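This report concerns only the one structure given below.
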Amino acid sequence: MPLKVERTLVLLKPDCVMRGLIGKVISRIEERGFSIIGLKLLKMDRSTAEKLYEEHRNKPFYEPLLRFMMSGPVVAIVVEGPSAVSAMRQMLGSTNPLDAQAGSIRADYAISNRKNIAHASDSIESAEKEINIFFKESELTSYVRPSEAAYLT
Ligand code: CMP
């Protein structure tokens, strides 16, 4: 059965930007075969951070998480390709980098479970909601990379 093409939001966190790792993470996304169909660098305000992390509102780490996410620039990326939602979560690895699978982005670049390099949507529904927080539909450009298309399904 062909894999379903999905879109997901990947957000490179301030630690990723400040440590000069934007290019490395983007390369890994491209090398896996996914298309980047939306991309922007921004500084999140409180209302944007609250929307993104709504589900964690009552958790003890919520306020420090919001402060960290507003502390510096982030890069919002819309990634498209077969099973993009689960593939990006797999590539990031577990939330706590010390539990993340060897070879995953968090295992390779992070130690802290707050400063853990990037966020990726956890379902197709959250992906749609999270993409809409950062992008208008007119800012996304869907395309298939011609040389790779035949090898992805
Ligand atoms: P992310 O994928 O962005 O989704 C929610 C974030 O909350 C998570 O990555 C972590 O950065 C953060 N988080 C989750 N659990 C903890 C924790 N126990 N302590 C600090 N931050 C956490």
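The values are calculated or read from the model by the stated rules, or taken from the named source; none is laboratory data. The structure presented is a predicted model; accordingly, all values stated were derived computationally and were not measured. Virtual Cβ from ideal backbone geometry, glycine too; neighbours counted across all protein chains shown. These area figures cover heavy atoms from the full protein model, side chains too; ligands, DNA and RNA do not enter into them. Shrake-Rupley method; radii C 1.70, N 1.55, O 1.52, S 1.80 Å.
Annotations
- Cα convex hull of region 1-53, projected area averaged across orientations, nm²: 5.0
- Förster-model FRET efficiency, 22 Å R0, Met18 and Arg46, C-beta, rounded to 0.05: 0.65
- For region 1-44 versus region 87-153, the gap between their alpha-carbon centres in whole angstrom: 6
- Share of Cα-Cα pairs in the chain lying beyond 27 Å, as whole percent: 18
- Here the accessible area is traced with a 1.4 Å probe on the protein chains. For the chain, carbon and sulfur cover 53 percent of it.
- Region 115-153: chymotrypsin sites (Phe, Trp or Tyr not before Pro) falling in loop per DSSP and having at most 12 other Cβ within 10 Å: Tyr143
- Whole-number D in µm² s⁻¹ for region 107-153, Kirkwood Cα-pair radius fed into Stokes-Einstein, 37 °C, 0.692 mPa s: 235
- Backbone N within region 66-81 under 20 Å of label point (7 Å from Tyr143 Cα along the Cβ vector): 76-81
- Rolling a 1.4 Å probe across the protein heavy atoms gives the chain an accessible surface of 54 Å² per residue.
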